[in-house]
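Read the structure below first, then the notes.
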Amino acid sequence: MTIDGGTTNTRVRILQDEKLIGKAHLPVGVRNTAISGCKKDLMEGLRKAVNIALQSAHIEQQDLQLVTASGMITSNVGIYEIPHLNTPAGVEELAAASHLVRIPELIDIPILFIPGVKNNLSVKEPVENLEAMDIMRGEETETLGILALKSLNGPLTMILPGSHTKIVKINEHNQISSCLTTMAGEIFSTLATKTILADSIPQTLISHLDLEMISRGAAISQKVGLTRGCFSTRIISQFIPADGDKRASFLLGVILGQDLIAMKNSRAYAPDWHGKIVIGGPAPLRQAISSLLAAEPEVKGKIIVLDDETVEMSTAAGARKIGLHYLQRAGRVAVKRNLV
């Protein structure tokens, strides 16, 4: 069983060898803890998701040989905190830094908690080095799962768009060497639903991606900046005949245009425009980012756009690989008792 606990959602997958036999997806995450200051709601949601997954697989807890947990569930607002692991970090390093913990309030089987990853800088860096710093929780497992599922070898760049987009650099040893984070998805959702732009964007956000409007949005964003680019979405609704999908695509392009600027200029990620670029995440974002990168003159390497099945299974595959490596490496390990 793999538990992927995020900020707003929890996904549980049950694998028999490499085959998915059960799953659950519930809108509960560490945001519940951050808002209430109490882990009760998070624990109840996690327990419910675990039970739903077990029922869908038609198995009992005692049938499980390994349970893993990754993502924000391992943060200070999760249920068991593990410090970020410094880069470079691959399967070996993540397995060595994982903790096997017994939490009977959640499940009777010990849980292997997988740490997040941070760029290799000291904890007391001067503010001048801020732009070299970055962290991830959950995407490290997703990244290693993609490498395994597609038999990919570094060096390469992995782009994982979502609520928080991660640009991950993989070295020649298939280790994560650095990462860069933006808030692209979260900013798009907030602007589209919580600001004056909600009048210009359909409630469904984007039903059909318009690549030309994505490109136009990115171009305006890179020329006049984010705030003017965002307001241009409303200007379109007042001056130009364009349907809601076109306006939503334009706004997404505005935000992704800033992601391209970050990729080019951030010290957290040194781009290799001649190497392979692998793009995951939700289908509309995969398509949007790949179209923008294909138009960039600096990009000379091969762009690989992942399929839906790989994206769906990536975190579970990565957690399984790390977990099995932990068992092979550690043998019998003293199990810690966590007081929640």
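Screening 216, 228, 234 for residues that are open to solvent by 20 Å² or more (accessible area, probe 1.4 Å), touching a Gly at 6+ places or on another chain (Cβ under 7 Å) and charged (D, E, K, R) leaves exactly one candidate, 216.
Any residue in segment 28-42 that is closer than 14 Å to residue 323 by Cβ and either open to solvent by 10 Å² or more (accessible area, probe 1.4 Å) or part of a loop (DSSP other than H, G, I, E, B) (or both)? The answer is no, given that none of the residues of segment 28-42 is closer than 14 Å to residue 323 by Cβ and either open to solvent by 10 Å² or more (accessible area, probe 1.4 Å) or part of a loop (DSSP other than H, G, I, E, B) (or both). Filtering 77, 101 for residues that are more than 16 Å from the chain's Cα centre (by Cα), open to solvent by 10 Å² or more (accessible area, probe 1.4 Å) and among the β-branched types (Val, Ile, Thr) leaves a single hit, 77. Taking the conditions exactly as written (open to solvent by 10 Å² or more (accessible area, probe 1.4 Å) and within 18 Å of residue 315 (Cα to Cα)), does residue 46 satisfy them or not? No. When 53, 69, 96, 24 are checked against the criterion of being open to solvent by less than 20 Å² (accessible area, probe 1.4 Å), at pLDDT 95 or above and in a helix (DSSP H, G or I), 53 stands alone in meeting it.
On inspection, residue 262 does not qualify as open to solvent by less than 40 Å² (accessible area, probe 1.4 Å), over 30 Å from residue 121 (Cα atoms) and outside any strand (DSSP E or B).
Among the residues making up segment 257-312, those that are more than 17 Å from residue 166 (Cβ to Cβ) and among the acidic types (Asp, Glu) are 296, 298, 307, 308, 309, 312. Inspect all residues belonging to segment 278-289 and state whether any of them is polar (S, T, N, Q) and either in contact with a Phe, Trp or Tyr (Cβ under 6 Å, 6 or more places away or on another chain) or surrounded by 18 or more Cβ atoms within 10 Å (Cβ to Cβ) (or both). Within segment 278-289 (the criterion being polar (S, T, N, Q) and either in contact with a Phe, Trp or Tyr (Cβ under 6 Å, 6 or more places away or on another chain) or surrounded by 18 or more Cβ atoms within 10 Å (Cβ to Cβ) (or both)), the answer is no, since none of the residues qualifies.
The values are calculated or read from the model by the stated rules, or taken from the named source; none is laboratory data. Here the structure is a predicted model, which is why all the values come from computation and not from measurement. All Cβ positions, even for glycine, are placed from backbone atoms using ideal geometry, and neighbour counts span all protein chains on display. These area figures cover heavy atoms from the full protein model, side chains too; ligands, DNA and RNA do not enter into them. Shrake-Rupley method; radii C 1.70, N 1.55, O 1.52, S 1.80 Å.
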